[in-house]
1. Restricting segment 156-180 to residues that are among the aromatic types (F, W, Y) and open to solvent by less than 10 Å² (accessible area, probe 1.4 Å), which is nearest to the ligand (Cβ to nearest atom)?
2. Which condition does G198 not pass, out of (1) within 16 Å of the ligand (Cβ to nearest atom); (2) out of contact with any Pro (no Cβ under 6 Å at 6 or more places or on another chain); (3) at pLDDT 95 or above, if it passes all the others?
3. Restricting segment 217-247 to residues that are in a strand (DSSP E or B) and open to solvent by 10 Å² or more (accessible area, probe 1.4 Å), which is farthest from the ligand (Cβ to nearest atom)?
4. Among residues belonging to segment 281-311 that are over 27 Å from F387 (Cα atoms) and free of Cβ contacts under 8 Å to residues at least 12 places away in the same chain, point out the one that is surrounded by the most Cβ atoms within 10 Å (Cβ to Cβ).
5. Only strands (runs of 3 or more DSSP E) wholly contained in segment 276-389 count here; list those with 1 or more residues that are touching a Gly at 6+ places or on another chain (Cβ under 8 Å).
6. Return a yes/no flag: does segment 202-212 have any residue that is more than 14 Å from I131 (Cβ to Cβ), within 16 Å of the ligand (Cβ to nearest atom), among the aliphatic types (A, V, I, L, M) and out of contact with any Cys (no Cβ under 8 Å at 6 or more places or on another chain).
7. Being of a type outside the set (D, E, K, R), over 18 Å from the mean Cα position of the chain (by Cα) and open to solvent by 30 Å² or more (accessible area, probe 1.4 Å) is the filter here, so list the residues in segment 340-366 that pass it.
8. Are any residues in segment 181-212 surrounded by fewer than 24 Cβ atoms within 10 Å (Cβ to Cβ) and not in a loop (DSSP other than H, G, I, E, B), and if so, which ones?
Amino acid sequence: VPLETNLHQFILPNNFLFGTASSSYQFEGAFSSEGKGLSNWDIFSHQTGNILDGSNGDVAVDHYHRYLEDINLMKDLGVNSYRFSLSWARILPRGRFGNVNMAGIEHYNKLIDALLQKGIYPFVSLTHYDIPQELEDRYGAWLSPKVQDDFRYYAEICFKYFGDRVKHWVTFNEPNVVAIRGYRSGIYPPGRCSALFGNCSSGDSEKEPLIAAHNMILSHASAVDTYRTRYQKTQGGSIGIVINAIWYEPFSDSSEDKSAAERAQSFFMNWFLDPIIFGRYPAEMQQILGSQLPTFSRKDLNLMRHGVDFIGINHYTSFYAKDCLYSACQSGGPGVSKPEGYFLRTAVKDGIPIGESTDVDWINIYPPGMENVVTYIKDRYNNTPMFITENGLGQLSNPRLSATDFVFDYKRVEYMNSYLISLASAMRKGADVRGYFAWALLDNFEWISGYAVRFGLHHIDYATLKRTPKLSAIWFKHRISNHSSFPNNPVIDQRDRES
Ligand code: PNW
């Protein structure tokens, strides 16, 4: 295990945030306790067939009740930040159509205060996939422009109650994943898709992701506008968005495959970041989608004028992108759908995988992808400050393996270590990256995979919910405690000489 690597590979700024990440639905449990309303994920996970192992987040890892114990685990790691999300339905059980649940406010107040007492900065997302079901039932949530008012209303309550102590706000976690999985493939709530694109026929897989995305972009802009005009000056924090970022290598040197890799970024990541930062959808989307793509009114553009203070990047994996705008998009066969952006995604070229495969079918270990994707975002968005808001590896919960097998997670250590080296390399070349969050603090509810896939730095025994640090936790602790002892830090250099 490469615990000792050349130190020069890890030179990072002194004020760099090192943290672990979580999200409300995946961690909290207490799904109907103390006034919480039901969320779209509560409803979805309770419908049979949606979650592979038949589980749900009713209890999850009981972080709602065990947060003090979990903060102690973080203290042991030595992290200076914790990324988590607020449950919208815990704060506003019925969106803006009901009362504020003060028990929910109190819970997050206690969590935030306990973190700060231990010197851990809260890094807070307003939404990480879960939203009040009421919004879905009333008007179809992200499909309706009405959601913009709900999101603004909710965001303002969060700034008002927590903004005195929270200095890093995230509007959305991975809106690009919500749009594709909620409205194209339909594997996440509200589970809408056309029959050709997924296992349902309730929606329109081509149009609805575009509408949902448009309303998420404008909801984001509404929250940022509220923060900028009414809170930022007095509270002094920053606000950004978290995007899921996959690195795409062109399948070949051909100009077609190169533009396919570019299109792959535009139809997934730039889809959100371009409007938010430049006020327009990517050129490739406009060319290919034409009038299917929603447009921004003058009023919208005014709302969007604030941009973001930072970009959060969730990066795990890389693929090859092969053109199919100029050649056929499908090798044939029923049910094979046209990919958004006309590129084929593959992990293998000439029989050789892009990187080592893992227990998780969509994660290929390709460390250069980290440097490449960070550099891509740096170049495209004028080096807007960035955070790596998630990076990590899942292990399959095989019943034949003992808890010990999960605790000695060499592969996760190798994965994270190599991705961090790649990140530090991008930073040496000028990328303004200000923090790194490991996904995740604990094993947890991995969405449609339920509890069968474990991403934690700490193992959970699901019979007792006991937490045990894995080797990766020990590695992370070591990495954090060492990072500031790198050259260019006179205080620490002194300590080095003494030891
Ligand atoms: C993220 N991809 O989702 C989510 O933010 C977390 O809640 C989740 O637990 C974690 O990753 C692990 O899955 C992703 O296609 C969705 O590359 C899609 C991808 C990556 C992450």
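1. F172
2. (3)
3. Step by step, filter segment 217-247, then rank; the result is S238.
4. Out of the qualifying residues, it is Q286.
5. Per the criteria, 310-314, 318-323.
6. So far as segment 202-212 goes, no, none of its residues is more than 14 Å from I131 (Cβ to Cβ), within 16 Å of the ligand (Cβ to nearest atom), among the aliphatic types (A, V, I, L, M) and out of contact with any Cys (no Cβ under 8 Å at 6 or more places or on another chain).
7. Once the filter is applied, which keeps residues that are of a type outside the set (D, E, K, R), over 18 Å from the mean Cα position of the chain (by Cα) and open to solvent by 30 Å² or more (accessible area, probe 1.4 Å), segment 340-366 yields Y342, L344, T346, V348, G351, I352, P353, S357, Y366.
8. Answer for segment 181-212, where residues must be surrounded by fewer than 24 Cβ atoms within 10 Å (Cβ to Cβ) and not in a loop (DSSP other than H, G, I, E, B): R181, E208, L210, I211.
The values are calculated or read from the model by the stated rules, or taken from the named source; none is laboratory data. These figures come from a predicted structure and were not determined experimentally. Glycine also receives a Cβ, built like all others from the backbone with ideal geometry; neighbour counts cover every protein chain displayed. When the accessible area is computed, the model is the full protein with side chains, heavy atoms only, and any ligands, DNA or RNA have been set aside. Shrake-Rupley method; radii C 1.70, N 1.55, O 1.52, S 1.80 Å.
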